[in-house]
Amino acid sequence: MIQLEHIEKVYRTDSLETVALSNINVAVQQGEFVSIMGPSGSGKSTLLNMLGLLDEPTAGTIALHGKPLQSFRDKELAQVRNREIGFIFQSFHLISDLRVVDNVEIPLLYRKGLSGSERRKLALEALDAVGLTSRTKHFPTQLSGGQQQRVAIARAIVGKPSLLLADEPTGNLDSAMSEEIMSILHELNQKRGTTIAMVTHDERLATQTDRTIRIFDGRQVQ
């Protein structure tokens, strides 16, 4: 589905050069559930940004469905990200003065040709998928941390993306809530066929995925 070949990512300032990724070769197949592990600062989130087409490599190639990243125009790339890729973060990034259902609708505002009623229908379907149909009119501050993360997942899947990227999605949750979130991710992967790449620091959660990509000092070690 998405392939990274010989990826290098270097950040430069006037006096400093930081190598974030070096010679990364990763292929994620359609329908896989992949975890990405490594110490803090090892390059995990940078790798996830590459998979999400959020950042361009300094060197190397990225291809989505066999099409090189370089062949996408900026506007086309933004449309691909909106339609093909969903993002879940450790911090939920919900808008506190919007109701749950309105938060979930946000990615659909950038979809041309969708009416308000169609957006609402898709948002309610996404909330049903994460078990939150009874909280649609609540505000984020009225929800627990686990419920807020479920809203964030609903927002990520509302456009029915083929690739879901999760950056420490259980990092702010206790073990019981973490298992609840993992159960939702597994259901999305197995029932919807959603491809998932998840950064995690929890070895126990990584063992629940199909395979683990390990990063150390910007290099792929396993």
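The values are calculated or read from the model by the stated rules, or taken from the named source; none is laboratory data. Since the model is a prediction, treat every value here as computed from it, not as a measurement. Please note: Cβ atoms are built from the backbone with ideal geometry, for glycine as well, and neighbour counts cover all protein chains shown. SASA here: full protein model, heavy atoms, side chains in, ligands and nucleic acids out. Shrake-Rupley method; radii C 1.70, N 1.55, O 1.52, S 1.80 Å.
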Scan region 149-157 and give yes if some residue there is more than 21 Å from residue 85 (Cβ to Cβ) and assigned to a helix (DSSP H, G or I), otherwise no.
no
Out of (1) in a helix (DSSP H, G or I); (2) open to solvent by less than 50 Å² (accessible area, probe 1.4 Å); (3) touching a helix residue (DSSP H, G or I) at 6+ places or on another chain (Cβ under 8 Å), the odd one out for residue 109 is which?
(2)
Search region 69-96 for residues that are over 25 Å from residue 31 (Cα atoms) and pair each with any residue that is open to solvent by 70 Å² or more (accessible area, probe 1.4 Å) and modelled with pLDDT of 85 or more when their beta-carbon atoms are under 8 Å apart and the residues are at least 6 apart or on different chains.
96/139; 96/141
Taking the criterion of being farther than 30 Å from residue 6 by Cα and crowded, with 21+ Cβ neighbours inside 10 Å, would at least one residue in region 137-147 satisfy it?
no
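Can you tell me which residue within region 84-96, out of those that are surrounded by 15 or more Cβ atoms within 10 Å (Cβ to Cβ) and either part of a loop (DSSP other than H, G, I, E, B) or not aliphatic (A, V, I, L, M) (or both), is modelled with the lowest pLDDT?
As a first pass, look at region 84-96 and keep what is surrounded by 15 or more Cβ atoms within 10 Å (Cβ to Cβ): 84-90, 92, 94.
Remaining after also requiring either part of a loop (DSSP other than H, G, I, E, B) or not aliphatic (A, V, I, L, M) (or both): 84, 86-87, 89-90, 92, 94.
Working: 84: 90, 86: 93, 87: 93, 89: 85, 90: 80, 92: 86, 94: 94.
So, considering only residues that are surrounded by 15 or more Cβ atoms within 10 Å (Cβ to Cβ) and either part of a loop (DSSP other than H, G, I, E, B) or not aliphatic (A, V, I, L, M) (or both), the one modelled with the lowest pLDDT is 90.
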Tell me, yes or no, whether region 10-21 has at least one residue that is within 23 Å of residue 194 (Cβ to Cβ), of a type outside the set (Asp, Glu) and part of a loop (DSSP other than H, G, I, E, B).
no
Just wondering, is there one or more residues in region 181-198 that are within 24 Å of residue 78 (Cβ to Cβ), within 19 Å of the chain's Cα centre (by Cα) and of a type in the set (S, T, N, Q)?
yes
Every residue from region 139-177 that is among the polar types (S, T, N, Q) and under 26 Å from residue 54 (Cα atoms):
148, 149, 162, 170, 172
Based on this model, can you work out whether residue 22 counts as loosely packed, with under 12 Cβ neighbours inside 10 Å and of a type in the set (Gly, Ala, Ser)?
no
Consider residue 131 carefully, then state whether it is of a type outside the set (S, T, N, Q), surrounded by 12 or more Cβ atoms within 10 Å (Cβ to Cβ), under 20 Å from the mean Cα position of the chain (by Cα) and assigned to a loop (DSSP other than H, G, I, E, B).
yes
Restricting attention to region 179-200, does a residue exist that is closer than 30 Å to residue 10 by Cβ and either polar (S, T, N, Q) or in contact with a Cys (Cβ under 7 Å, 6 or more places away or on another chain) (or both)?
yes
In the set 126, 176, which member is surrounded by fewer than 18 Cβ atoms within 10 Å (Cβ to Cβ) and either aliphatic (A, V, I, L, M) or in contact with a Leu (Cβ under 7 Å, 6 or more places away or on another chain) (or both)?
176
Filtering region 33-68 down to residues that are free of Cβ contacts under 8 Å to residues at least 24 places away in the same chain and under 18 Å from the mean Cα position of the chain (by Cα), which residue is surrounded by the most Cβ atoms within 10 Å (Cβ to Cβ)?
49
Output yes when any residue across region 114-122 is under 30 Å from residue 4 (Cβ atoms), among the hydrophobic types (A, V, I, L, M, F, W, C) and not in a strand (DSSP E or B), and no when none is.
no
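May I ask you to list the residues in region 195-214 that are surrounded by 14 or more Cβ atoms within 10 Å (Cβ to Cβ) and more than 22 Å from residue 172 (Cβ to Cβ)? So that I can check it myself, show each step before the final result.
The initial filter retains those residues of region 195-214 that are surrounded by 14 or more Cβ atoms within 10 Å (Cβ to Cβ), namely 195-202, 205-206, 208-209, 212-214.
195, 213, 214 - these are the residues of region 195-214 that are surrounded by 14 or more Cβ atoms within 10 Å (Cβ to Cβ) and more than 22 Å from residue 172 (Cβ to Cβ).
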